[in-house]
Amino acid sequence: MVSQILKVKALLITFLIKCCWGSSIVIWEEVCDVHVLIVEERQNRGCIWKRFLERQGAEVCLVASSSEATAALSCQYFDALVINITMANSAILAVSDLAGYRNPDIAIVTVTSGSFFSDGSIFNMIPNACGCVGGDVPPKDLANIVSHYANKTKRRAHADVPNLK
């Protein structure tokens, strides 16, 4: 009972308060019931993001290559994809295409370590791209972006399902 009250209170605070702390957005909303695939070759960075998203309530699968991502997408459903688009020797565009094919509403957040895609061209190459962030993005900012877009697509998907009662 107490945990339900705290969740409701946290959700109300989410809608009423927008806080900034330096350049990082404070997260008030949990990333509940969101399935996230992270494709990141730098395991230490990927593990930090994975643990942070899991603490927020997400189910996270971390892979280090495009072939592992393809295998994960072939047998699991994901609401969001966090993908490093500057990985060496990877078929990142093929992975994002497969993700969009398997789930047309998937939210794709791209991560880049350089300025090559700073012109916004990534949004032309990956139709489901919701954002492009730097590799040094704080985990709480990444979680907030994933939560926002994944929950938005989940609400839209549930709105499309007719009530059969």
- Message: Suppose the filter is under 19 Å from Ala150 (Cα atoms), among the small types (Gly, Ala, Ser) and either surrounded by fewer than 16 Cβ atoms within 10 Å (Cβ to Cβ) or without any contact (Cβ under 8 Å) to a residue 12 or more places away in the chain (or both); does Gly57 pass it?
- Response: yes
- Residue that is modelled with the lowest pLDDT [pool: residues in segment 71-108 that are part of a loop (DSSP other than H, G, I, E, B) and closer than 18 Å to Ile145 by Cα]: Ile85
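For Ala129, are the conditions met, namely being touching a helix residue (DSSP H, G or I) at 6+ places or on another chain (Cβ under 6 Å), small (Gly, Ala, Ser) and over 22 Å from His148 (Cα atoms)?
no
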- Please work out if Val111 is among the β-branched types (Val, Ile, Thr) and either touching a helix residue (DSSP H, G or I) at 6+ places or on another chain (Cβ under 7 Å) or modelled with pLDDT of 90 or more (or both). no
- Specify which of the listed residues (Ser147, Ser66) is within 23 Å of Asp33 (Cβ to Cβ), touching a residue at least 12 places away in the same chain (Cβ under 8 Å) and hydroxyl-bearing (Ser, Thr, Tyr). Ser147
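The values are calculated or read from the model by the stated rules, or taken from the named source; none is laboratory data. Everything numeric in this text was worked out from a predicted model, so none of it was measured. All Cβ positions, glycine included, derive from the backbone under ideal geometry; neighbour counts span all protein chains shown.
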